[in-house]
Amino acid sequence: MDMATTPGAEGPPEESVKHIGCAHYKRKSKFVTPCCDKVYTCRFCHDEAEDHTINRKEVTEIICALCDTRQSVQTNCKQCGILFGKYTCLECNLFDDEDKNQFHCQGCGICRIGGADRFFHCEKCNMCLPMQLKNNGHKCVENVSRSNCPVCLDDIHTSRLPCHIPQCGHLLHRTCFEQLLRFDHFACPICQTSLMNMEQLWKFWDAEVENTPMPPEYRNYFVQILCKDCHKEGTVRFHVVGLKCSHCGSYNTCRIKGPVIIRGFERNLENMNLNEDRGEGSNVNERNNDLPRNN
């Protein structure tokens, strides 16, 4: 399944362990924290040890890991001349000796990984997106990354985890997306639109409906539904397996009215569909009872 993902915010993989610098980075510097005046190799080391987090852009002093010279933030050590990191971003105060195809995105305001040639910054979405979405088009959601993942509630914009981009345009971590699928949740947690192409599952449900006839007393029951995929309303025959949208064929629907009993349902259903196309309501009687990744 070919899915578009956002670039992770520039940062180390969660599972990586390094022996040069710290467990998160290969670098030849340490920084002095402006919040608690302590020395740490990176912001992750600080955040793991302290009861507060640090904004690395506020760091003004660093210490050379080779000669222990304390100095202002700069590319090379003023004493021994060593380069603190093969990749250096003085705007983010980031030094890294590993090549991760890092790049600084002015629009996002942070460093990311994956290569600047593979991503573009969408001004409306206010985030970096894969080039394939620029060429093929994507649904813009204003400031979509300036929010938390709807599954784990962690920040999206500065996350080191890659994000999945469903057709609805909302973002969630790829790991969270995969977890939803493992537990048979196929709808966006924000807008309830299907997260992926569900055609094969709908065909399976068609077969289930065909092989599960309703008892005679329920065969004239109809309900009014709203499709969460095409956002259209319709009147369909009630079935315990699912309520299929008559417009797009999706079973990602919810009941908004009914059930109603329709005698001679084929003729009445045809009339109701004609009324719906004209924007008119149905004149049948309704029953009141209810049926069953960042660096």
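Data overview
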{"read-out": "Complete set of residues in segment 145-203 that are modelled with pLDDT under 90 and closer than 22 Å to HIS24 by Cβ", "value": "ASP155, ILE156, HIS157, THR158, SER159, ARG160, LEU161, PRO162, CYS163"}
{"read-out": "Residue list for segment 171-207, filter: of a type in the set (Phe, Trp, Tyr), within 16 Å of ASP229 (Cα to Cα) and in a loop (DSSP other than H, G, I, E, B)", "value": "PHE186"}
{"read-out": "Options ASN220, ASN294; residue that is open to solvent by less than 50 Å² (accessible area, probe 1.4 Å), more than 30 Å from HIS104 (Cα to Cα) and at pLDDT below 95", "value": "ASN220"}
{"read-out": "Given (1) in contact with a strand residue (DSSP E or B) (Cβ under 7 Å, 6 or more places away or on another chain); (2) closer than 24 Å to CYS122 by Cα, index of the condition CYS188 fails", "value": "(1)"}
{"read-out": "Residue satisfying all of: in segment 234-253; in a strand (DSSP E or B) and modelled with pLDDT under 95; farthest from CYS191 (Cα to Cα) among these", "value": "ARG237"}
{"read-out": "Matching residues in segment 25-39 - criterion: being open to solvent by 40 Å² or more (accessible area, probe 1.4 Å) and closer than 19 Å to GLY85 by Cα", "value": "LYS26, LYS28, LYS30, VAL39"}
{"read-out": "Within segment 49-60, considering residues that are charged (D, E, K, R) and open to solvent by 70 Å² or more (accessible area, probe 1.4 Å), the one nearest to the chain's Cα centre (by Cα)", "value": "LYS57"}
{"read-out": "Checklist (1) farther than 28 Å from HIS164 by Cα; (2) part of a strand (DSSP E or B) applied to GLN74, failing item", "value": "(2)"}
{"read-out": "Tabulated pairs, segment 120-140, first farther than 20 Å from ILE110 by Cβ, second open to solvent by 50 Å² or more (accessible area, probe 1.4 Å) and in a loop (DSSP other than H, G, I, E, B), C-beta under 7 angstrom, 6+ apart or interchain", "value": "LYS139/GLN167; CYS140/LYS124"}
{"read-out": "Counted residues, segment 61-101 - those being in contact with a helix residue (DSSP H, G or I) (Cβ under 9 Å, 6 or more places away or on another chain) and open to solvent by less than 70 Å² (accessible area, probe 1.4 Å)", "value": "3"}
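The values are calculated or read from the model by the stated rules, or taken from the named source; none is laboratory data. In this text, all values refer to a predicted model and were calculated from it rather than measured experimentally. We place every Cβ from the backbone using ideal geometry, glycine too, and count neighbours over all the protein chains shown. The area values use the complete protein model at the heavy-atom level, side chains included, leaving out ligands, DNA and RNA. Shrake-Rupley method; radii C 1.70, N 1.55, O 1.52, S 1.80 Å.
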